[in-house]
Each structure stands twice: as structure tokens, then as C-alpha cells.
Amino acid sequence: MSTAVVFFEVEILDAKTKEKLCFLDKVRNKLQRILYLPVPDPQWYPARQSIRLDPKGKSLKDEDVLQHLPVGTTATFYFRDLGAQISWVTVFLTEYTGPLVIYLLFYFRVPFIYAPKYDFTTSKHWVVHLACMCHSFHYMKRLLETLFVHRFSHGTMPLRNIFKNCTYYWGFAAWMAYYINHPLYTPPIYGEQQIRLALILFLFCQIGNFSIHIALRNLRPPGSKTRKIPYPTKNPFTWIFLLVSCPNYTYELGSWLGFTLMTQCLPVAFFTLVGFIQMTVWAKGKHRSYLKEFRDYPPLRSPIIPFIL
Amino acid sequence: MSAAAQGTSKAAHGDVAPKKKKGPGALATAYLVIYNVVMTAGWLVIAVGLVRAYVARGSYHGLYYSIEKPLKFFQTGALLEVLSRVFLTWAVTHSVREVQSEDSVLLFVTAWTVTEIIRYSFYTFSLLNHLPYLIKWARYTFFILLYPMGVTGELLTIYAALPYVQKTGLYSVTLPNKYNFSFDYYTFLILIMISYIPRKSIGRLHFPLQKSAIRKTGYTG
């Protein structure tokens with residue numbers, strides 16, 4: 001049997017009801033093939049299909065090879081419908097374009113936001129113009145990174161996420177922009193000093209964040225989904241990898257702290273706080289999976305804040 | 001055959017026109033006992049639902065799913081109810097003196113008081129486990145009466161507070177200020193009142209949903 005091709009028989013059961021959905025014989029090695037074969041409901045396109053060895057277990061990947069899975073020649077898999085899916089790229093583009101446009105509506109004081117006498121006027125405070133440039137720059141950077149820099153592990157996410165995410169980003173953008181561009185806006189107490197410091201912090205962290213994104217991208221060859229431990233590169237902005245697992249989040253926090261300081265606006269502080277909480281949760285999760293996956297993971301690193309968090 | 005999931009705040013209350021002519025003391029006590037038992041049974045129902053599902057499937061897998069929806073539903077509802085009560089007590093009734101003499105306050109306070117008597121008596125008598133059909137019927141009927149009563153009292157109280165809040169600018173922050181932030185408590189209260197529509201209509205479904213959840217898990221008491 002040494003040179004014979006190995007065929008598998010595969011049965012697929014519904015993970016919840018255990019009902020047999022389909023039975024396939026003469027299946028060759030890779031799992032991928034199964035995803036493209038007809039399951040009872042044709043609207044269950046591949047991105048929606050979660051195939052697992054155990055009903056409560058993790059999803060198997062497209063690249064998984066039947067021969068290397070702990071199954072006999074008759075393999076039983078469980079199917080779970082993940083619900084309508086949408087591509088990550090689509091979600092990112094939508095959720096980032098919103099804030100960009102919305103902020104500008106407030107900046108230009110489009111009618112029906114403030115009192116009519118202020119329509120299409122501009123703020124007399126130069127920090128307000130600076131803030132608009134920073135905010136716009138930030139979201140344009142995110143859009144460009146989504147298109148040209150990021151390499152996503154998963155193609156899709158559940159459709160309902162786009163509503164949730166857009167509400168968050170768009171809602172906060174409107175809330176912040178309303179106050180910063182308000183006719184009664186009060187500039188920072190410590191004036192130019194405060195604004196200058198804030199701007200330096202903001203720019204430093206934007207460059208840092210971008211550097212990390214590039215470094216992460218370079219870890220992963222095009223089209224692949226491999227995961228490696230990130231290390232500092234020649235770029236000094238990446239040296240923070242010595243102390244932190246997810247410096248992209250660290251820099252992101254720094255950017256928003258800078259923006260908060262620059263605008264001295266409570267809603268911005270609130271947005272920074274909420275973002276910080278969410279990113280900490282993500283960073284801790286990522287840190288944990290690094291530790292699980294790599295025996296030799298550098299022990300000095302913290303998830304998001306050096307030595308602290 | 002009870003329909004309670006847990007000692008939630010908007011549970012049916014005891015002070016409703018009795019079917020039998022008894023002295024108020026004995027009547028109140030009787031209803032108290034009944035509702036206590038019903039509350040206990042509610043939790044037992046979920047527990048029994050889990051056990052039956054385990055026995056039927058032979059494993060722990062999916063147990064949670066058999067009671068997941070009703071549990072999440074009522075749990076969240078209960079939390080919101082608690083928060084809304086704290087809000088009404090401190091942020092409305094306590095803060096706006098002029099409102100404290102309104103009849104509407106008496107309305108919701110009565111509704112809440114009876115609920116709490118029932119709920120804490122329930123915890124005290126939680127070892128009881130006798131559930132005639134009458135109880136299920138009585139509890140459902142009282143709920144129909146007392147839930148709108150409590151909601152009406154709350155809404156009227158908030159409404160009564162509005163003019164004073166607007167006049168005094170209570171809890172409100174206006175521009176300009178150095179934090180570049182504003183908050184209009186008056187508008188906030190109006191939004192709260194509007195939110196009663198979805199929140200309370202979901203709460204109103206509390207018991208009917210419990211009943212259908214019980215039916216689905218096959219609990220026959």
C-alpha cells in the first residue's frame with residue numbers, strides 16, 4: 001500500500017443537531033476540497049463554513065491536510081454555519097471612511113449641526129485646524145494600510161460586525177468632532193506648549209504604529225498565513241518589540257493620548273479610554289497565543305504596556 | 001407549574017384583588033407563600049431543564065444551549081431593571097424634590113415594595129417546592145396588572161421632573177468649558193422615557209417567554 005493514493009471517506013454532521021449533512025467518498029488529502037463540495041444549503045458558501053473535528057472545537061483551516069489530522073480513513077467532521085460573512089477589507093474600509101468624512105462635516109460646519117449663523121464658518125483657533133489635519137491623516141493612513149500593508153489571517157468576519165464597528169467608529173467620530181469644531185470650543189489651557197508636545201507625541205506614535213505594521217507585514221510572505229515571533233528590526237521604532245508583544249496597540253494608544261492632549265476634549269479622552277480597554281483585551285489575547293504557540297517566546301515582553309499590562 | 005426564571009424585579013406582585021374572601025392578613029400571607037414558592041421553582045426549572053437535557057443527550061455538550069436564550073434574556077433584563085430602579089430612586093426622585101410628593105411616586109414605590117417582599121420571602125422560603133396550577137395562573141395574571149402599574153408610575157415621575165430639570169439645569173453641563181464637553185439632563189430624561197418603549201415591551205414578555213422556554217425544555221414539574 002506504500003505508493004497507493006490514500007482516499008478518505010468523509011461524513012459531515014451538523015455540530016448542533018448531529019444530523020448527517022453529507023457523506024463523501026473518495027476524498028483526497030486536503031480539507032479545502034470539502035469546502036467546495038455541495039452541502040445541503042447552497043447559500044453556505046465556503047467562508048461561512050466552519051468544519052471541525054469536535055462540535056465545540058476550533059475550526060479547521062483550508063490548508064489542513066486530511067492525512068495529518070487525527071482521523072481514521074473514515075473521517076467525521078462537524079459543520080457549523082458561521083452566518084453571513086463579510087470581508088475584513090470591506091469592513092475596515094467602511095469603518096474608517098466614515099470618521100474621515102464625518103469629522104470633515106463638522107469641521108466645515110455644514111448646516112443643521114450648529115446654529116445657522118455659524119454655517120460654513122471656520123474656527124478662529126489654529127489648534128482646531130491642526131486637529132482636523134491630524135484626525136484626517138490618521139484615518140487616511142488606516143485606509144491606505146488596509147489596502148496596501150495589512151495581510152489578514154482570516155478573509156471574513158460575521159456580517160453583523162460591520163454594524164457594530166461602524167456604530168462605534170462613526171458615533172465617536174461625530175461626538176468628538178462636534179465639540180472640537182464647536183463655535184464655543186475652548187483651546188488647551190497651556191496653549192502652544194501643550195499643543196506642541198501633543199503633536200510630537202501624536203506624530204511619533206503614528207510613525208511608530210506604521211513601522212510596526214510594516215514589520216508585521218514583512219514577517220509574513222505574500223499569500224501565506226504563517227505566524228512568527230516579531231523581533232526588533234533596524235528601524236528604532238520597532239525596538240519596542242523588546243518590551244511589548246503588540247506595540248501597534250501601544251503606539252495607537254499613544255497617538256490618541258496625543259490627540260486628547262492636543263484638543264483637551266473630554267469625549268476624545270473617553271474614546272481613548274474605550275479604545276485602550278479594547279486593545280488591551282486584544283493584546284492580552286495575542287500575547288497568550290504567542291506564548292502558547294512558541295516555546296521560546298521572549299519572557300520580558302508584556303502584552304501592551306512595558307512591564308505593566 | 002411555574003414560569004419563573006429567577007427573582008427578577010418585575011415579577012408579579014401580590015397585592016391584587018383576591019378571588020377568595022379572606023382577611024387581608026391571611027390573604028397577603030397566602031400570596032406571599034405562593035409567590036415565594038414560584039420564585040424558587042423558577043430557578044429549579046432552569047436547573048431541572050439542564051438535568052433533563054443532560055440525561056437526554058448523555059453529555060454536557062449543548063446543555064447551556066437548551067436554556068441559553070431564556071437565561072440570557074432574563075438575566076440582562078434583570079440587570080437593566082435593577083439599574084433603572086437605582087436611577088429612578090437617586091437621579092430622579094431624590095434629586096428633584098418637587099417630584100417627591102407626586103402620586104406617581106407612590107405608584108411605583110408600591111409596585112417595587114411588593115416585588116421585593118415577594119422576592120426576599122422567596123429566598124427565605126426557597127426550600128418549598130409545591131406548585132399547583134393556580135399559582136402559575138395567579139402569577140401570570142398579577143404580572144399583567146402590576147407591570148404596567150410600575151412602569152406608569154416611573155414614567156409619570158420622570159415626566160413630572162422635567163420642568164424642574166429644565167428650569168434649574170440640574171446635572172447639566174454647558175459650553176464653553178475647559179473640557180469641551182456638554183450634557184443636557186433634560187434631553188437625557190426624554191431619551192430615557194423613549195427607551196421605555198423597547199425596554200419595557202421586552203420586559204412585558206418576561207413571563208410568557210419563560211413559559212414557552214419551560215415548555216421547550218420539557219419540564220413537567
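The values are calculated or read from the model by the stated rules, or taken from the named source; none is laboratory data. As the structure is a computational prediction, the values presented were derived from the model and not from experiment. Counting neighbours? That spans all protein chains shown, and the Cβs are built from the backbone with ideal geometry, glycine included. Side chains included, ligands, DNA and RNA excluded: accessible areas come from the protein's heavy atoms. Shrake-Rupley method; radii C 1.70, N 1.55, O 1.52, S 1.80 Å.
With the structure loaded, tell me whether A:Gly254 is surrounded by fewer than 21 Cβ atoms within 10 Å (Cβ to Cβ), part of a helix (DSSP H, G or I) and away from chain B (no Cβ under 14 Å) or whether it fails that test. Please lay out each step first, then the result.
Details: surrounded by fewer than 21 Cβ atoms within 10 Å (Cβ to Cβ): yes; part of a helix (DSSP H, G or I): yes; away from chain B (no Cβ under 14 Å): yes.
Judged against the criteria, A:Gly254 is a match.
Given the condition modelled with pLDDT under 65, open to solvent by 40 Å² or more (accessible area, probe 1.4 Å) and not β-branched (Val, Ile, Thr), answer yes or no: does some residue in the range B:108-122 qualify?
Yes, the range B:108-122 has at least one match.
Take the range A:107-145 and flag every residue that is open to solvent by 100 Å² or more (accessible area, probe 1.4 Å) and in a loop (DSSP other than H, G, I, E, B).
A:Phe108, A:Phe112, A:Phe120, A:Lys124
So that you can scan it fast, the table gives a plain yes or no per residue for (1) β-branched (Val, Ile, Thr); (2) surrounded by 15 or more Cβ atoms within 10 Å (Cβ to Cβ); (3) within 14 Å of another protein chain (Cβ to nearest Cβ); (4) under 24 Å from A:Leu201 (Cβ atoms):
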residue: A:Thr263; (1), (2), (3), (4): yes, yes, yes, yes
residue: A:Pro267; (1), (2), (3), (4): no, yes, yes, yes
residue: A:Ala283; (1), (2), (3), (4): no, yes, no, yes
residue: A:Ser289; (1), (2), (3), (4): no, no, no, no
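For the range B:154-208, which positions are away from chain A (no Cβ under 14 Å) and of a type in the set (D, E, K, R)?
B:Glu154, B:Lys167, B:Arg199, B:Lys200, B:Arg204
Checking A:Asn209 against (1) within 14 Å of chain B (Cβ to nearest Cβ); (2) open to solvent by less than 40 Å² (accessible area, probe 1.4 Å); (3) in a helix (DSSP H, G or I): exactly one of these is not met. Which one?
Going through the list (1) within 14 Å of chain B (Cβ to nearest Cβ); (2) open to solvent by less than 40 Å² (accessible area, probe 1.4 Å); (3) in a helix (DSSP H, G or I), A:Asn209 breaks only (1).
Quick check: anything in the range A:283-290 charged (D, E, K, R) and in contact with a Ser or Thr (Cβ under 8 Å, 6 or more places away or on another chain)? Steps first, please.
Initial filter on the range A:283-290 (charged (D, E, K, R)): A:284, A:286, A:288.
Remaining after also requiring in contact with a Ser or Thr (Cβ under 8 Å, 6 or more places away or on another chain): A:286.
Yes, because at least one residue in the range A:283-290 is charged (D, E, K, R) and in contact with a Ser or Thr (Cβ under 8 Å, 6 or more places away or on another chain).
Given the criteria more than 18 Å from the chain's Cα centre (by Cα), surrounded by fewer than 20 Cβ atoms within 10 Å (Cβ to Cβ) and either modelled with pLDDT under 95 or away from chain B (no Cβ under 14 Å) (or both), does A:Leu242 qualify? Show your work before the answer.
Working: more than 18 Å from the chain's Cα centre (by Cα): yes; surrounded by fewer than 20 Cβ atoms within 10 Å (Cβ to Cβ): yes; either modelled with pLDDT under 95 or away from chain B (no Cβ under 14 Å) (or both): yes.
Here the answer is yes, as A:Leu242 does meet what is asked.
Looking only at the range A:175-206, count how many residues are more than 14 Å from chain B (Cβ to nearest Cβ) and assigned to a loop (DSSP other than H, G, I, E, B).
Summing the residues that are more than 14 Å from chain B (Cβ to nearest Cβ) and assigned to a loop (DSSP other than H, G, I, E, B) in the range A:175-206 gives 0.
Among the residues of the range A:146-167, is there at least one that is of a type in the set (D, E, K, R), modelled with pLDDT of 95 or more and either touching a helix residue (DSSP H, G or I) at 6+ places or on another chain (Cβ under 7 Å) or part of a helix (DSSP H, G or I) (or both)? Give the steps one after another, and end with the answer.
Step one: filter the range A:146-167 for residues of a type in the set (D, E, K, R), giving A:151, A:160, A:164.
In the following step, the residues that additionally are modelled with pLDDT of 95 or more were identified as none.
For the range A:146-167, residues of a type in the set (D, E, K, R), modelled with pLDDT of 95 or more and either touching a helix residue (DSSP H, G or I) at 6+ places or on another chain (Cβ under 7 Å) or part of a helix (DSSP H, G or I) (or both): absent.
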